[in-house]
Structure formats: structure tokens, C-alpha cells
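Here's the structure, in C-alpha cells; my notes come after.
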Amino acid sequence: MPDHIFPGVACLENTAVSVTLASEMQDKLQTLIGNVSQVIRGKDEAIRLAVVCLLARGHLLIEDVPGVGKTSLASALAKSLDCSFQRIQFTNDLLPSDLLGTVIYSASSLKFDLKPGPIFHHMVLADEINRTPPRTQSALLEAMNEGQVTIDSHTYPLPKPFMVLATQNPGEFAGTYPLPESQLDRFFMRISLGYPDREAERQVITGTLLPQDLRPVMHGEEVVEMQSRVEKVRVEESLVTYILDTIEATRNSSAISLGGSPRAAKSLYRAAQASAFLEGSDYVLPRHIKELAVPILAHRLLLREQTLGGAPLARAETILKAILEEVTVPL
């Protein structure tokens with residue numbers, strides 16, 4: 001029977017297919033999280049946030065003390081995807097061409113050919129990113145913001161999905177180059193792991209599974225499809241206003257000299273969509289925004305000098321949490 005005779009039946013069939021596909025995607029995402037958690041014990045929330053960042057087409061900054069699993073988390077996430085992966089150890093002698101690649105004259109073709117650098121991979125781990133000079137750090141800006149790189153006046157697209165996962169140690173300053181605000185603003189999200197609880201640490205000590213032992217559980221094409229679906233998650237106008245109120249409050253705070261940018265507002269919007277999608281919902285709730293405000297915004301804020309003592313990022317998180325309590329949450 002032709003569908004145009006009973007359009008309602010066709011509509012119901014399409015809806016059923018869509019629901020089934022969405023359910024399959026949620027199962028795959030939970031499998032992805034479970035796969036990573038085989039290596040990163042007791043840090044389910046950090047893993048969830050990393051997956052939210054992936055779904056939102058963002059780049060992740062993992063900042064914590066040595067030995068808690070920063071590099072392992074980034075490697076495990078990358079190894080769980082059937083995508084190309086490259087780890088780059090950032091050092092003080094690393095050059096932009098070491099990241100991007102260079103053009104070399106080919107005698108056989110009588111032209112200059114691109115020799116692509118490690119940035120031309122789906123998942124790029126920038127390990128200890130603050131140990132390389134600003135000149136090399138800035139080579140990542142175009143790649144992270146536009147998904148492309150320019151070499152000798154020629155622009156080359158990067159593969160999709162594309163994600164930079166960077167690590168740094170916030171407590172060590174000798175021989176490091178702090179990331180400037182422009183670079184920090186390119187990072188969609190910043191997370192920390194902290195020390196595991198006693199039982200999780202016991203599993204870490206006795207476990208033998210390493211990130212490189214993980215098998216891929218998801219294809220790159222599936223990730224791209226999910227990223228497209230994230231953009232279709234509904235956000236009510238009142239929640240957009242809530243995001244704008246939160247960003248404006250950071251700009252008006254007496255404790256903050258540089259508040260959230262429009263890019264920060266867009267990132268919070270997209271993160272809320274990704275978080276809702278990860279939960280299997282097709283609409284955003286106020287809690288999605290409030291829960292993600294700190295990992296999305298805190299690293300982008302520049303505090304005034306007269307702010308009370310403590311680590312700058314910890315103080316930024318404290319100030320931001322206080323702001324969130326003051327901003328009216330839509331009902």
C-alpha cells in the first residue's frame with residue numbers, strides 16, 4: 001500500500017526507526033564509557049565529561065597532578081574509537097612544523113608535496129602541552145577552531161571527527177609556558193581527575209590492562225553521526241536566556257576581570273545538548289547547564305588580583321559556583 005494513502009502509518013514507522021536508532025546510539029555510548037572505565041577506575045564522571053566533549057565536537061584539557069591517569073584517560077578514549085590516533089610529547093624544542101608538517105620538493109613529480117604532521121589524525125593527544133613555547137602552542141589554534149591547518153598559504157582540512165586532548169600539570173612551573181587566554185578559550189572543557197578512592201586505587205595497583213590493550217567499540221562515522229544529532233537536541237528559549245544570564249554574571253562579577261566570551265556561551269549551549277543526548281533525552285534541562293558550567297567556564301575566567309588566596313583555577317571554580325547560586329534557574 002503506498003505511503004501517501006496512509007501518511008500517518010509512514011510517520012509512525014519513521015518515528016519507530018528513529019527511536020530504535022537513538023536507543024542503539026545510547027547503548028554504544030554506554031559501551032564506550034564502560035570500555036574506558038576498564039582502565040580509568042573510579043572516575044566515571046570524568047569519563048562521562050570527556051564523552052560529552054567528544055559529542056559536542058570540543059577539545060579537552062585534562063589538568064591534574066602527575067600519576068592520576070591524565071594521559072591514560074586520553075589514550076583510552078582514543079583507543080576505544082576506530083580512528084587514527086597520535087600522541088605528541090610537547091617539549092621546549094618542539095616546532096610548529098613538528099605538529100603541522102611541511103612541504104617537500106618531489107623530484108619525481110616536480111612539485112612540492114605535503115608531508116603531513118601528527119595533527120592530521122582524528123584523535124591527537126598533546127601531552128604536557130604547557131612545556132612547549134607559545135609559538136608552537138599557537139600552531140594548534142586554527143586546527144582546534146576551524147578543523148583545518150594552513151601551511152605555506154595552502155589550507156588543508158583535518159579528518160572528522162577531530163579532537164585534541166591535552167594534559168598539563170598545574171602545580172609545576174619550572175620549564176613551562178602557561179597557556180594564554182586565547183588558547184584556553186579554544187578548549188571546550190577542562191576537567192581534573194583527582195586521586196581515586198581506596199577500592200579504585202586497589203584495582204589500579206592490581207590491574208594489568210593498559211590503554212593500548214583496549215579494542216575499538218565505535219567507528220568514526222558513528223561519532224560524526226552522533227555529533228550531528230546532538231545539534232538537533234531541543235533547547236527552550238528560557239534556557240538560552242539562562243545561559244546568557246550566567247555568562248553576563250561572570251562579566252559583571254567584581255572578582256573577575258575577564259568573564260565568559262560568546263564562544264564560552266556557545267560551548268555551554270552545545271555541552272548541555274551533548275549531555276542531554278548522552279542521557280537519551282531529546283531536550284535540555286536546566287540541570288544540564290548548571291552541572292556543566294564549571295568545567296566549561298572556569299578555565300576561561302581571568303580573576304582580579306585582590307581575590308582571596310588559593311590556586312587561581314580553584315578560586316575561579318568557587319566564584320563560579322557562587323554565581324550559579326545567584327542566577328535564577330528557569331522552572
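The values are calculated or read from the model by the stated rules, or taken from the named source; none is laboratory data. Remember, predicted model here, so these are calculated numbers, not experimental data. For neighbour counting, all protein chains shown are included, and Cβ atoms are generated from backbone atoms with ideal geometry for every residue, glycine included. When the accessible area is computed, the model is the full protein with side chains, heavy atoms only, and any ligands, DNA or RNA have been set aside. Shrake-Rupley method; radii C 1.70, N 1.55, O 1.52, S 1.80 Å.
Measuring from centroid to centroid over Cα atoms, what is the spacing of region 236-267 and region 35-112 in Å?
Region 236-267 and region 35-112 have Cα centres spaced 29 Å from each other.
If I model a spin label at residue 238 and residue 219 as a point 7 Å from the Cα along the Cα→Cβ vector, what separation in nanometres do I get?
It is 4.2 nm.
Report the label-to-label distance for residue 152 and residue 93 in nanometres (one decimal), using points 7 Å from each Cα along the Cα→Cβ vector.
In this crude label model, residue 152 to residue 93 measures out at 2.5 nm.
Report D for region 38-80 in µm² per second (integer): Stokes-Einstein, Kirkwood Rh on Cα pairs, 37 °C, 0.692 mPa s.
Working: Rh = 10.8 Å.
After rounding, the answer is 304 µm²/s.
With a Förster radius of 25 Å, plug the Cβ-Cβ distance of residue 245 and residue 44 into 1/(1 + (r/R0)^6) and report the FRET value to the nearest 0.05. Don't skip to the end; give the middle numbers.
Details: r = 30 Å, r/R0 = 1.21.
Efficiency, rounded to the nearest 0.05: 0.25.
How much of the DSSP bridge set in the chain is antiparallel, in percent, rounded to the nearest 5? Intermediate results must be reported in sequence, preceding the final value.
Working: 12 of 31 bridges.
Percentage antiparallel, nearest 5: 40.
Please express the shape of region 185-331 as an equivalent ellipsoid: the semi-axes are the square roots of 5 times the eigenvalues of the C-alpha gyration tensor, given largest first in whole angstrom. Don't skip to the answer; put the middle values down first.
Working: eigenvalues 176, 117, 36 Å².
Over the Cα atoms of region 185-331, the ellipsoid semi-axes are 30, 24, 13 Å.
For residue 65 and residue 228 in the same chain, what is the full-extension length gain: residue separation times 0.36 nm, less their Cα-Cα distance, in nm?
Details: separation 163, 0.36 × 163 = 58.68 nm, distance 3.47 nm.
Gain in length upon complete extension: 55.2 nm.
Given only helices, namely DSSP H runs of n ≥ 4 each adding -39500 (n - 2.57), what is the per-residue ellipticity at 222 nm of the chain, to the nearest 500 deg cm²/dmol? Working shown, then result.
On the way: 13 runs with 152 residues, N = 331.
Mean residue ellipticity at 222 nm (helix-derived): -14000 deg cm²/dmol.
Pairs on different chains or at least eight residues apart, Cα atoms closer than 16 Å: how many lysine pairs in the chain fit?
Details: 28/79; 43/70; 70/79; 79/160; 232/266; 266/290; 290/321.
Final tally of qualifying lysine pairs is 7.
Return the distance in nm (one decimal) between the two label points of a simple spin-label model at residue 198 and residue 325, each offset 7 Å from Cα along Cα→Cβ.
3.1 nm
Over the Cα atoms of region 208-258, each weighted equally, I'd like the Debye log10 I(q)/I(0) at q = 0.18 Å⁻¹, rounded to two decimals.
These q points yield log10 I(q)/I(0) values of -0.75.
Give me the compactness ratio for region 246-322, meaning the Cα radius of gyration over 2.2 N^0.38 Å.
Working: Rg = 13.3 Å, N = 77, 2.2 N^0.38 = 11.5 Å.
Dividing the Cα Rg of region 246-322 by 2.2 N^0.38 Å gives 1.16.
Let's test the formula: R0 of 51 Å, r as the Cβ-Cβ distance of residue 208 and residue 318. What FRET efficiency results, to the nearest 0.05? All intermediate terms of the calculation are to be shown ahead of the outcome.
On the way: r = 39 Å, r/R0 = 0.77.
E between residue 208 and residue 318, to the nearest 0.05, is 0.85.
Can you tell me the accessible area per residue over the chain, all protein chains present, probe 1.4 angstrom, in square angstrom?
Numbers: 16830 Å² over 331 residues.
Result: 51 Å² of accessible area for each residue.
I'd like the trypsin sites (Lys or Arg not before Pro) in region 215-249 restricted to DSSP loop residues with at most 14 other Cβ atoms within 10 Å, sorted by number. Intermediate results must be reported in sequence, preceding the final value.
Numbers: sites: 229, 232, 234; in loops: 232.
Here the sparse-neighbourhood loop sites are 232.
Once the mean 1/r over all distinct Cα pairs of the chain is inverted, what Kirkwood radius in angstroms do you read off? Please report the intermediate quantities before stating the final value.
Working: mean 1/r = 0.0466 Å⁻¹.
For the chain, the Kirkwood estimate is 21.4 Å.
Against the 2.2 N^0.38 Å scaling, with N counting residues, where does region 28-120 land? I'd like the Cα-based Rg ratio to two decimal places. If you can, show how the numbers build up before the last one.
Details: Rg = 17.4 Å, N = 93, 2.2 N^0.38 = 12.3 Å.
Ratio of Rg to 2.2 N^0.38 Å for region 28-120: 1.42.
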